[in-house]
1. Out of all DSSP beta bridges in the chain, what portion is antiparallel? Express it as a percent rounded to 5.
2. What distance in nm lies between label points placed 7 Å from Cα along the C-beta direction at V148 and E165?
3. Say each of R134 and N233 gets a label point 7 Å from the Cα, pointing the same way as Cα to Cβ; how far apart are those two points in nm?
4. Could you name the aspartates and glutamates in cross-link range of K50, using Cα to Cα under 20 Å and dropping any fewer than eight places away on the same chain?
5. On the protein heavy atoms, probe 1.4 angstrom, tell me the percent of accessible surface of the chain carried by carbon and sulfur.
6. Where the centre of each part is set by its Cα atoms, how far does region 75-143 sit from region 180-200, in angstrom?
7. GNM, the chain, Cα, under 10 Å: largest mean-square fluctuation among F61, F182, F194?
8. Which pairs break 21 Å Cα to Cα here: K12/K57; K12/K114; K12/K68?
Amino acid sequence: MPSDKHRILSTKELPDSLRLLATARNITLRDQPFIDILPVRTPELEARLKAIAQGGKVLVFTSPNTVKAVTALWGQPAGQQVYCLGGATLEAIEKTIPGSEILGTGISSLELAKRIVADGSVKEIVFLCGNIRRNDLPGHLLANNIAVEEHIVYETVETPALLEESYDGVLFFSPSSVRSFFLHNRPNGHTVYFAIGETTGGAVKEATGIQPVISQEASVPALVQTAIDYFDNINYSNE
């Protein structure tokens, strides 16, 4: 293995296991969150969410942060009928809302909305989301005569910072982290950007003009593994 390590920055806090995985491949992986997630708590919202937890509604999740915010209030709810994004969002539902019926998944909010419309049996959904959400899903559903009951269950607070070090790669997990990162940092011509999905990848390309590397699976471990494999292949080709 070469003596010089590649250096990767994650814009999301990572478990030690993923940093150790990178270290084993001669890669330094550090994390510095560029957003904070704050749950929304009001008496009215809590009452409505508790009523929803009793079942009977079709729920839509497009972020694991939403799942975390909702289940922190629900505890161990009964199984739900759910449409959701795949990857990390699906994994969060399977872990924290066991017994749920997954009616369908999508790789993006728009693709998920198209799936709901194509199924043809749903006339109303409950959309649980954050305060910075795209209009793709509710807009498409409303345009196709599907009623949307929307509840904002968390707020995203951007925490921009100017990097003092340079990195060979940067990992992005949401469009908001992209916006926060590039508020004070500019593309430097050599850093490779990695995105967890097409929506986040589109935000990176819009901010930089550079097409990022997108993981095939929309999960944190998959994106980390994608970056490790990318730089490991460079190490191998340079030997």
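1. Working: 5 of 38 bridges.
Just about 15 percent of them are antiparallel.
2. Between V148 and E165, the simple spin-label model gives 4.1 nm.
3. Here the answer is 2.5 nm between the modelled labels.
4. Within reach: E94, E101, E124, E149, E150, E155.
5. Numbers: 5890 of 11870 Å².
After summing per-atom areas, the C and S share lands at 50 percent.
6. 27
7. F182
8. Numbers: K12/K57 32 Å; K12/K114 30 Å; K12/K68 16 Å.
Listed pairs above 21 Å: K12/K57; K12/K114.
The values are calculated or read from the model by the stated rules, or taken from the named source; none is laboratory data. Nothing here was measured: the structure is a model prediction, and the numbers come from that model. Every residue, glycine among them, receives a Cβ derived from its backbone with ideal geometry; neighbour counts consider all protein chains shown. Heavy atoms of the whole protein, side chains included, go into the accessibility calculation; ligands, DNA and RNA do not. Shrake-Rupley method; radii C 1.70, N 1.55, O 1.52, S 1.80 Å.
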